[in-house]
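Worksheet: the structure to be examined is printed underneath.
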Amino acid sequence: MAAPKPLHVDVVAADRQVWKGDAVNIIIRTTEGDIGILPGHEPIFANLVPCAARIITDDGKQEVIAVDGGYVAVDDKGHVSILAQYASRSGEISREGAQQDVDKISRMMDRNEFSEDDVHRLHLAQAQLLAAKHIAAQKD
């Protein structure tokens, strides 16, 4: 029996395509909890929460992408779309910068001086911290 074809994955933020490639496994957090997506997965459409999406490529490497929420869709042909307002690859993330954003926006929220855009920035910074932790754990 032949191995299933890899998943074709597109990660798209509002302003750009963040990542595109083939994968054999995706682990991502929905509003219902973490899900794993393998080749042959049934079609789904789910809401995402801020998270670090882990994509295992067909050559065994791992891409970690921080998303501030959004949606994941899997079609019956093995195409996976991850759509978010904001998203960034692990190599684009500054752990210190993300922590500073979380701290700054948290202080603004404590003073009730924040906007909807600040809430999105907070969610992305939190997801970036998660992605940075995954990358740090891989190196250990």
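The values are calculated or read from the model by the stated rules, or taken from the named source; none is laboratory data. A quick note: this is a predicted structure, and the numbers were derived from the prediction, not measured. When we count neighbours, we look across all protein chains shown, and the Cβ atoms used for this are built from the backbone with ideal geometry, even at glycine. We work out accessible area using only protein heavy atoms, side chains counted, and drop any ligands, DNA or RNA first. Shrake-Rupley method; radii C 1.70, N 1.55, O 1.52, S 1.80 Å.
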If you take the residues in the range 34-59 that are outside any strand (DSSP E or B) and open to solvent by less than 60 Å² (accessible area, probe 1.4 Å), which one is modelled with the lowest pLDDT? Pro50
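Here is a yes/no grid of residues against (1) open to solvent by 20 Å² or more (accessible area, probe 1.4 Å); (2) among the β-branched types (Val, Ile, Thr); (3) within 12 Å of Ala52 (Cβ to Cβ); (4) in a loop (DSSP other than H, G, I, E, B):
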residue: Ala66; (1), (2), (3), (4): no, no, yes, no
residue: Lys77; (1), (2), (3), (4): yes, no, no, yes
residue: Val80; (1), (2), (3), (4): no, yes, no, no
residue: Gln99; (1), (2), (3), (4): yes, no, no, no
residue: Ser106; (1), (2), (3), (4): yes, no, no, no
residue: Glu113; (1), (2), (3), (4): yes, no, no, yes
residue: Gln128; (1), (2), (3), (4): yes, no, yes, no
residue: Ala131; (1), (2), (3), (4): no, no, yes, no
residue: Ile135; (1), (2), (3), (4): yes, yes, yes, no
Being in contact (Cβ under 8 Å) with a residue 24 or more places away in the chain and over 21 Å from Glu92 (Cα atoms) is the filter; apply it to the range 4-33 and report the residue that is surrounded by the most Cβ atoms within 10 Å (Cβ to Cβ). Leu7
Quick check: anything in the range 97-114 within 14 Å of Lys133 (Cα to Cα) and of a type in the set (Ser, Thr, Tyr)? no
Gln85 meets each of (1) in a helix (DSSP H, G or I); (2) open to solvent by 20 Å² or more (accessible area, probe 1.4 Å); (3) touching a residue at least 60 places away in the same chain (Cβ under 8 Å) with one exception, condition (1)
